[in-house]
């Protein structure tokens, strides 16, 4: 693990793969929802549904991005990603509220026989948005609190104190 | 293991679980269809599973990487079992594909003509078989060889 981190190759490789996934998936999503009609409830509802089909690849891209950031260990990059993830979590909760209101409106517009499918589909999308918001918030807070530069775990971190004490003893005698 | 490495493995554990949850819900949603559309529901379930074989394997790998690294041999055992359960689901899909009624439904709903239908069926079957082989191989590998200690 330490060798990989030192080389930096893995971190940059993961970052590039993550960016390719983001560009690809955002392009596919844009193709599905364009042109934008934010004032129409049905468009908003179906757009969130279309976005939900991209959640898994985007999440895997995000995991690659976060892993690369952890390997790089650069303070600014970690903090920037942390802020972006916290903002993303808040935005997703906002989308969830709008989606719930639109879903209620859509229930009045569909035929009765389609209602169970619509309810189940809406619940699935809502559950996914909640999970992704939780993931984003957790990752964001962890990134903002992360120690910088790949600091070792507690046991290894205590080693310099022990070394310092041994030298002190040697000087005293 | 460094704190950062431990956190990176947790990211993959969490992300893998969400990906598998996403696919599981996509596969199970058609169960909410009215009972007279049971054939259409089976077809939709098959399509949801067979168009997501890549993500099934990636999600399971994320979970396995996280569990193995964080919980050692016990994590390897649990992720090996998870792989085998997922392989079982794919084997079920393959059986459904080769069963006459469900194959007809799958082909009808995915293709407008016979040639396209054959290709769609061949693609779905190939994905399912490749996914099953990968999942069984990884599952058995984790169950048998996952107990060895990781290097520090």
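The values are calculated or read from the model by the stated rules, or taken from the named source; none is laboratory data. If you're wondering where the values come from, they're calculated on a predicted model, not measured in any experiment. We place every Cβ from the backbone using ideal geometry, glycine too, and count neighbours over all the protein chains shown.
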Note: among A:108, A:54, A:44, just one is surrounded by fewer than 18 Cβ atoms within 10 Å (Cβ to Cβ) and over 25 Å from residue B:61 (Cα atoms), namely A:108
All conditions in (1) at pLDDT below 90; (2) in a helix (DSSP H, G or I) are true of residue B:141 except (1)
Scanning the range A:81-118 residue by residue, the ones that are within 28 Å of the chain's Cα centre (by Cα) and at pLDDT below 90 total 1
- Query: Among the residues of the range B:57-70, is there at least one that is under 19 Å from residue B:126 (Cβ atoms), in contact (Cβ under 8 Å) with a residue 24 or more places away in the chain, at the interface with chain A (Cβ under 10 Å from one of its Cβ atoms) and not in a helix (DSSP H, G or I)?
  - Reply: no
Quiz item: What about residue B:43, is it farther than 20 Å from residue A:127 by Cα and facing chain A (nearest Cβ under 9 Å)?
Solution: no
